Amino acid sequence: MMSRTSGHTTPPLTWSRAICRRRPIPRTRALYSRVISDQIIACLTQWQGGLPAIAVESWGGLIGGRTARISCENTIWMHAQLAEIDWFTIPVYGEQADASAWVIVQHADYDRPLQRNVLARLERLVTSGDTAGRNVAYLFDRLAVADGRPQRYGTQVRCAAGQWQIIGGAESERDLDGGRPPWALPTWARYVGQFGPCR
């Protein structure tokens, strides 16, 4: 069974190229450095799926400690930033910073209070265009799955019995296709269509 629960991610090289095309201020420079490390570790974790079974355990041991350390450092750093600013808002820091900060929070599954704190901020900021709507959708659903609640936007899915299924179900099937806020993702059918056939 295959799951797609991490949300939208971008290969580290793509992040690097986008970042190098601008001149970030010190706060965003630190943010970009941290999110690139996060994405490299995420890619390394995914690559272990193609290794022989005998190698998976060793591979996990090699990157497991590094993953935990990077995640812990990123979370501590994010707490410090959020004590000084409301968020890496688009008008002030740009779309790349908004997305990068979201990646760090989305992957901080061991720090649910941070995720809930950020979700409350993003839900307030999204209506004014200060953050991307997809950030709210993915983070809301990630927390819903963790809490054992139905999802609102259907972003966390798995492949089972030849079909893409929403993990834990949805609050409202109608809202998935016709009742979304204007800032939210496209219809659920279009969303899962980007994943291709479920096998």
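Computed from the coordinates by the stated procedures, all read-outs in this text should not be read as laboratory data. Keep in mind the model is a prediction, meaning the values are calculated, not measured. All Cβ positions, even for glycine, are placed from backbone atoms using ideal geometry, and neighbour counts span all protein chains on display.
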Practice problem: Sort ILE85, ILE104 so the one with the fewest other Cβ atoms within 10 Å of its own Cβ comes first. | Solution: ILE85, ILE104
Quiz item: How far apart, in nm, are two points set 7 Å out from the Cα along the Cα-to-Cβ line at SER128 and at ASP109?
Solution: 3.3 nm
Quiz prompt | Under 5 Å, built H, 5+ apart or other chain: amide partners of ALA170 | solution = GLN151
Practice problem: Quote to one decimal, in nm, the extra length available between GLU171 and ARG27 on full extension: 0.36 nm per residue of separation minus the C-alpha distance between them. | Solution: 48.1 nm
Practice problem: Take the Cβ-Cβ distance between GLN194 and VAL92 as r, set R0 to 22 Å, and report the resulting FRET efficiency rounded to the nearest 0.05. | Solution: 0.15
